[in-house]
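Here is the structure we will look at, set down as structure tokens.
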Amino acid sequence: MSRSRASIILGVLLLWTLVALLASGANLVFSQPMEQPPSTWLTLAFQLASWLPWAVMSPLVFWLTRRYPPPRFVALHLAASIAAALLHLAVTAALGQWLFADITPEATWSYIFRMWLGSRLIISALTYWLIAGAALALTYYRQWRTQEVRSASLEAELARAELASLRMQLQPHFLFNALHAINVLIREDPAAAGRVVVGLGELLRASLNGAPDQEVTLAEERAFTERYLAIETLRFQDRLRLEVSIPAELDRARVPHFLLQPLVENAFKHGLSRTPEGGVLSLTARREGERLVLEVANDGPPVPAGFSDGVGLGATRRRLAHLYGNRATLELRSGPGGRGALAVVSLPFVT
């Protein structure tokens, strides 16, 4: 016998034993005003004899309900409830005759059975319907839970497919921009263009060989982004100053993979590349209570009015929505004093 089946049998026995104990307590309380109240142990034995037969019949009622669920087979269950009630009364009458043989010898089985047939048949039939109702409720609950698990699994699969699609949308976009930068450098500084090609190869290798997880540690995301920054540093040379402030205690924080690179690329494309003298790009991270805040800022032109997301920012917003719902935000605004641009990501802090 399996452990789960043994647990179910034990649970059924304990349930009907509890019912018998409650019935015994009620009988003892109501019989106190009598001149000769019944014995406590005899009352308990009789109630156990009355209710424990249902512990044997309950599995049969469960099986019948699952195999022939009402209301489709209501006629079958009406007949079964009468048959179960008669069987219960017959068994209880036999046990009652045995228990009270020394006290009331005249109480034969047929006498007890006929007496209870008129007073307890309906109660026994209703007990059958209570068990059938419990079986039906448990069946529906299991079906609902199975459907919930199946729906959650399908939603997770859909989310992974959509996230994979968004990543595939981001990576070609980044690659085309990098190739454009190389094309410009070939004419201006062929040696620098060669170094950018090497850096691009390392970046693509890290992207393709990286873990397929939706989230990585902030340390891993920083290392990936720094490969991209190395390429942009070669392109901007002395016109770019980097300021990175990410405390070591935040390295284990979980963030979406490929999160920072589109924000950094956006800062170069719409900010620093439009300023002949270059400028400062800062990348910071901090913890605010139970939230992780990431900021990418540049001191180029401010965010223009009516600015709309491009491929990178749009895909990043959708990724955050897929992973965190309304618990994560991405805000793009002009920097302090209207100079430069600031991208702020706020998401739950999880390690």
Scan the range 258-279 residue by residue and report those that are open to solvent by 60 Å² or more (accessible area, probe 1.4 Å) and of a type in the set (D, E, K, R).
-> LYS269, ARG274, GLU277
When the range 286-298 is checked residue by residue, the ones that are more than 12 Å from ALA343 (Cα to Cα) and either open to solvent by less than 40 Å² (accessible area, probe 1.4 Å) or in a loop (DSSP other than H, G, I, E, B) (or both) are GLY289, GLU290, LEU292
Among the residues of the range 266-278, is any of a type in the set (Phe, Trp, Tyr) and more than 23 Å from ILE182 (Cβ to Cβ)?
-> no
Working only within the range 256-288, note down all residues that are at pLDDT 90 or above and under 31 Å from the mean Cα position of the chain (by Cα).
-> ALA285, ARG286, ARG287, GLU288
Among (1) at pLDDT below 80; (2) closer than 17 Å to PHE236 by Cα; (3) surrounded by 16 or more Cβ atoms within 10 Å (Cβ to Cβ); (4) not acidic (Asp, Glu), the one test that ALA315 misses | (2)
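Would a scan of the range 306-313 turn up a residue that is in contact (Cβ under 8 Å) with a residue 60 or more places away in the chain and in a helix (DSSP H, G or I)? Steps first, answer last, please.
Initially, the range 306-313 is screened for residues in contact (Cβ under 8 Å) with a residue 60 or more places away in the chain, giving 311-312.
When the remaining residues are screened for being in a helix (DSSP H, G or I), the result is 311-312.
Yes.
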Out of curiosity, is VAL91 surrounded by fewer than 14 Cβ atoms within 10 Å (Cβ to Cβ), aliphatic (A, V, I, L, M) and modelled with pLDDT under 85?
-> no
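Given SER346, SER334, which one is in contact with a Lys or Arg (Cβ under 7 Å, 6 or more places away or on another chain), surrounded by fewer than 19 Cβ atoms within 10 Å (Cβ to Cβ) and of a type in the set (S, T, N, Q)? Even if it seems obvious, please write down each step before you answer.
Working: SER334 fails: in contact with a Lys or Arg (Cβ under 7 Å, 6 or more places away or on another chain).
Being in contact with a Lys or Arg (Cβ under 7 Å, 6 or more places away or on another chain), surrounded by fewer than 19 Cβ atoms within 10 Å (Cβ to Cβ) and of a type in the set (S, T, N, Q) holds for just one of SER346, SER334, which is SER346.
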Contacts under 7 angstrom Cβ, first residue in the range 215-235 being among the β-branched types (Val, Ile, Thr), partner open to solvent by less than 10 Å² (accessible area, probe 1.4 Å) and in a strand (DSSP E or B), 6 or more apart | VAL216/VAL255
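Among the residues of the range 24-31, is there at least one that is at pLDDT below 75 and part of a loop (DSSP other than H, G, I, E, B)?
Looking through the range 24-31, at least one residue is at pLDDT below 75 and part of a loop (DSSP other than H, G, I, E, B).
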Being open to solvent by 70 Å² or more (accessible area, probe 1.4 Å) and within 24 Å of TYR111 (Cβ to Cβ) is the filter here, so list the residues in the range 51-85 that pass it.
-> ILE82
Just give me the residues in the range 227-271 being more than 24 Å from PRO302 (Cα to Cα) and acidic (Asp, Glu), in sequence order.
-> GLU249, ASP251
In the range 220-229, is there at least one residue being out of contact with any helix residue (DSSP H, G or I) (no Cβ under 7 Å at 6 or more places or on another chain), buried (at least 16 other Cβ atoms within 10 Å of the Cβ), modelled with pLDDT of 85 or more and under 21 Å from LEU320 (Cα atoms)?
-> yes
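Looking at VAL255, VAL216, VAL244, which is the one that is open to solvent by less than 70 Å² (accessible area, probe 1.4 Å), in contact with a His (Cβ under 9 Å, 6 or more places away or on another chain) and not basic (Lys, Arg)? Can you show your working first?
Details: VAL255 fails: in contact with a His (Cβ under 9 Å, 6 or more places away or on another chain); VAL244 fails: in contact with a His (Cβ under 9 Å, 6 or more places away or on another chain).
Every option except VAL216 fails the conditions.
The values are calculated or read from the model by the stated rules, or taken from the named source; none is laboratory data. No experiment lies behind these values; they were computed from the predicted model shown. Here the Cβ is made from the backbone with ideal geometry for all residues, glycine too, and neighbour counts use every protein chain on show. Areas reflect the complete protein model, heavy atoms only, side chains present, ligands, DNA and RNA absent. Shrake-Rupley method; radii C 1.70, N 1.55, O 1.52, S 1.80 Å.
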